[in-house]
1. For residue 134, which of the numbered conditions (1) at pLDDT below 90; (2) in contact with a Gly (Cβ under 9 Å, 6 or more places away or on another chain); (3) of a type in the set (Asp, Glu) fails to hold?
2. Return the residues of segment 20-59 that are surrounded by fewer than 16 Cβ atoms within 10 Å (Cβ to Cβ) and hydroxyl-bearing (Ser, Thr, Tyr); say none if nothing qualifies.
3. Would you check if residue 144 is assigned to a helix (DSSP H, G or I), at pLDDT 95 or above and touching a Cys at 6+ places or on another chain (Cβ under 9 Å)?
4. Residues being assigned to a loop (DSSP other than H, G, I, E, B) and closer than 16 Å to residue 42 by Cα: count how many of those fall in segment 105-131.
5. Looking at segment 28-35, can you tell me whether even one residue there is in contact with a Phe, Trp or Tyr (Cβ under 8 Å, 6 or more places away or on another chain) and more than 24 Å from residue 170 (Cβ to Cβ)?
6. Checking the condition of a type in the set (D, E, K, R), closer than 16 Å to residue 74 by Cβ and not in a helix (DSSP H, G or I), which residue from 159, 134 passes?
7. As an exercise: evaluate residue 4 against (1) without any contact (Cβ under 8 Å) to a residue 60 or more places away in the chain; (2) under 23 Å from residue 129 (Cα atoms); (3) surrounded by fewer than 12 Cβ atoms within 10 Å (Cβ to Cβ) and give the number of the one condition it does not meet.
8. Filter segment 1-58 down to residues that are touching a strand residue (DSSP E or B) at 6+ places or on another chain (Cβ under 7 Å) and part of a helix (DSSP H, G or I), then give me how many there are.
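The values are calculated or read from the model by the stated rules, or taken from the named source; none is laboratory data. Not measured: the values here are computed from a predicted model. Counting neighbours? That spans all protein chains shown, and the Cβs are built from the backbone with ideal geometry, glycine included.
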Amino acid sequence: MLLAKYPQLNFNIINTGISGNTVRDLKNRWEKDCFEYKPDILSVLIGINDLWRRYGEPEKMPVAVYPDEYESTYRQLLSLVSAERAVAGQVKQKCNSQLVLIEPFMFCRDLKNKIFQGLRTYIRIVHHLVKEFDAVLVPLQSWIDGQVGQIPPEKWSHDSVHPYTWAHAWIAQRWLEATGL
């Protein structure tokens with residue numbers, strides 16, 4: 001969407017996201033996947049798999065990332081220093097990136113769904129990190145919540161997490177709106 005909107009600019013967009021990864025997985029590849037590129041904009045979407053593992057297949061439960069670890073690991077990644085020396089703003093100092101943090105999301109309107117209930121905690125953590133690191137927030141779940149009454153969740157995704165092609169385009173539009181690009 002960004003390339004289509006600004007074809008005259010020489011953007012180099014690199015997506016190093018890996019489906020199914022948790023913040024723990026991201027930690028293992030953070031330097032290579034993020035900072036070797038010295039991005040002008042660093043956009044991060046992580047969290048639904050951390051939560052999803054708690055409620056999915058029993059063999060995946062041990063790799064679930066609970067909120068405390070999610071927050072501390074995410075903060076550590078954004079600060080780029082060990083937990084003992086965490087200082088807000090290190091990401092910008094190291095690679096001069098504008099941070100964009102995206103709310104983890106799912107397409108759901110069932111308020112009794114345990115994953116959907118738990119998701120709110122992870123979203124609150126992202127909001128805290130946005131403030132702490134002066135990042136741009138893409139309030140994706142908030143926007144989805146406003147749409148699932150008009151467009152049912154099964155029209156967005158087959159499993160409430162992995163968007164159909166049109167929903168990816170809709171998400172890209174929301175990212176552009178939030179960043180002002």
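1. (1)
2. Selection gives 37, 55.
3. Criteria met by residue 144.
4. The total comes to 0.
5. So far as segment 28-35 goes, no, none of its residues is in contact with a Phe, Trp or Tyr (Cβ under 8 Å, 6 or more places away or on another chain) and more than 24 Å from residue 170 (Cβ to Cβ).
6. Residue meeting the stated conditions: 134.
7. The number of the failed condition is (2).
8. Selection size over segment 1-58: 1.
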